Amino acid sequence: VCIHRVRSCSGIRFIKSKYVCVFDKSALKFSHQQRLFRTSAVSCGQIVQFKLSDIGEGITEVTVKEWYVKEGDSVSQFDSICEVQSDKASVTITSRYDGIIRKLHYSIDDIAFVGKPLVDIEIDASKGVASEEDVVETPPMSHEEHTHQEIKGHKTLATPAVRRLAMENNIKLSEIVGTGKDNRILKEDILNYLAKQTGAILPPSPKAEIVPPLRKTEAVPAAPKDKARKIPVPVSRPIAFSGKDRTEPVTGFQKAMVKTMSAALKIPHFGYSDEVDLTQLVQLREELKPLAEMRGVRLSFMPFFIKAASLGLLQYPILNASLDENCQNVTYKASHNIGVAMDTEQGLIVPNVKNVQVCSVFDIAVELNRLQSLGSAGQLGTSDLTGGTFTLSNIGTIGGTYAKPVILPPEVAIGALGKIQVLPRFNGKGEVFKAQIMNVSWSADHRIIDGATMARFSNLWKSYLESPASMLLDLK
């Protein structure tokens, strides 16, 4: 019982009581000189420690990247509590209970340990408490499950960022009509819903800035693309000179890179490089880009590179294999899970496109768009980052022509793609023409792959890209 005030009175008054209590007045008799303790009932809830359970892959600690709740907030089952990041992936933790958040055990960027309390939740004691084993967070999710949220018996697709935006504005996702693929709810859907409710006019997106066309007399000649590309983009983050050394722990994806690269350099690498004439592919992509955009997908060159690699792996399956630790057995992988190296704010990550051997170029483009969006937001799941069998790294998006890529174990081969350049070349008649040239650098495990095999695979992959129509003969 919580005592708020002592007051001399002849009756009972409840002022600003949090909980409503009913008394039989006939059973309570007091004189004018008798003191009465004014009281109000308190919650008889039970505090449950929500512990961070094992999320698989041998992970023992994670970094808390973002809290979706604060102390005093009410949560329901399956509501997002926080986002954590291991050295393998980011995972959204959801609530096991209906209750009130009473304590957050960690701050942003703190290291949380498996088996230790994450938050304290006050629940209704009358509903009972689940066994300790049931107090778990969401496991690593596949891309089909990643944006799944169950609301009132039907499935709603939305990313954690969109769910958080809806929660901050007290919006039920079940009331929103999603405009994304498979009725996925996008950030724009939430903002449009808010605008309709409040009558507000949304500010224009900075990416969709409309510039009125100049008159012919005011026309300004466009700068050559080659010169524009040579200008480096300045670093956006401020540069501070403190004059002191700074030591930071290796965490997150950097920690994963340390482990992976330490194991990779135990593999005897050999390299093979070549150049590819992409003149026909550049023309084909320009024709297909508008069609892909009509379907809401951005079409880059990467889907063609990935599909051509898969067609080559069908002919040279040794490049889609793995070697055991004792170098006694080679496992030929049935699926072509081709990884794509991405440079993100969290560091280098390599998600992979699953089962490329049964995917069309458009299917691969759709999946790449999804992986790039999640990678930029730091929302890739463990299933997106594991299970790769072959890797391509497009270093040309940043710059450079040749590279020396390092194999990602247990894979046995990797390719690095340079930038596409307009260079002079000779045709069959000895005439000079402008060619779209890209350089490629391959690395392979020399314990089971020889140079001739790598060269033949590269030549086949190159032929598909130099004559894209030839891929039609081998597409499944």
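For the condition modelled with pLDDT of 95 or more, open to solvent by 60 Å² or more (accessible area, probe 1.4 Å) and not charged (D, E, K, R), what is the one hit in Pro303, Pro317?
Pro317
The rows are residues; the columns are (1) open to solvent by 30 Å² or more (accessible area, probe 1.4 Å); (2) assigned to a strand (DSSP E or B); (3) touching a residue at least 60 places away in the same chain (Cβ under 8 Å); (4) touching a strand residue (DSSP E or B) at 6+ places or on another chain (Cβ under 8 Å).
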{"position": "Leu368", "(1), (2), (3), (4)": "no, no, yes, yes"}
{"position": "Ser383", "(1), (2), (3), (4)": "yes, no, yes, no"}
{"position": "Thr401", "(1), (2), (3), (4)": "yes, no, no, yes"}
{"position": "Lys404", "(1), (2), (3), (4)": "yes, no, yes, yes"}
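What about Arg447, is it assigned to a loop (DSSP other than H, G, I, E, B), more than 20 Å from Ala308 (Cα to Cα) and either among the aromatic types (Phe, Trp, Tyr) or open to solvent by 30 Å² or more (accessible area, probe 1.4 Å) (or both)?
So Arg447 passes the test.
Go through (1) at pLDDT 95 or above; (2) open to solvent by 50 Å² or more (accessible area, probe 1.4 Å) for Asn439 and report which single condition fails.
Unmet condition: (2).
Out of (1) within 20 Å of Ser373 (Cβ to Cβ); (2) hydrophobic (A, V, I, L, M, F, W, C); (3) modelled with pLDDT of 80 or more, the odd one out for Ile100 is which?
(1)
Does the range 407-434 hold any residues that are of a type in the set (A, V, I, L, M), touching a helix residue (DSSP H, G or I) at 6+ places or on another chain (Cβ under 7 Å), part of a strand (DSSP E or B) and surrounded by 21 or more Cβ atoms within 10 Å (Cβ to Cβ), and which are they?
Hits for the range 407-434 are Ala413, Ala416, Leu417.
Condition check ((1) among the β-branched types (Val, Ile, Thr); (2) touching a residue at least 24 places away in the same chain (Cβ under 8 Å)) across all residues:
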{"site": "Val282", "(1), (2)": "yes, yes"}
{"site": "Val297", "(1), (2)": "yes, yes"}
{"site": "Met302", "(1), (2)": "no, yes"}
{"site": "Leu313", "(1), (2)": "no, yes"}
{"site": "Leu319", "(1), (2)": "no, yes"}
{"site": "Ala334", "(1), (2)": "no, no"}
{"site": "Asn337", "(1), (2)": "no, yes"}
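The values are calculated or read from the model by the stated rules, or taken from the named source; none is laboratory data. Owing to the predicted nature of the structure, the values given are computational and were not obtained by experimental measurement. All Cβ positions, glycine included, derive from the backbone under ideal geometry; neighbour counts span all protein chains shown. In case anyone asks, the SASA skips ligands and DNA or RNA and just uses the protein heavy atoms, side chains included. Shrake-Rupley method; radii C 1.70, N 1.55, O 1.52, S 1.80 Å.
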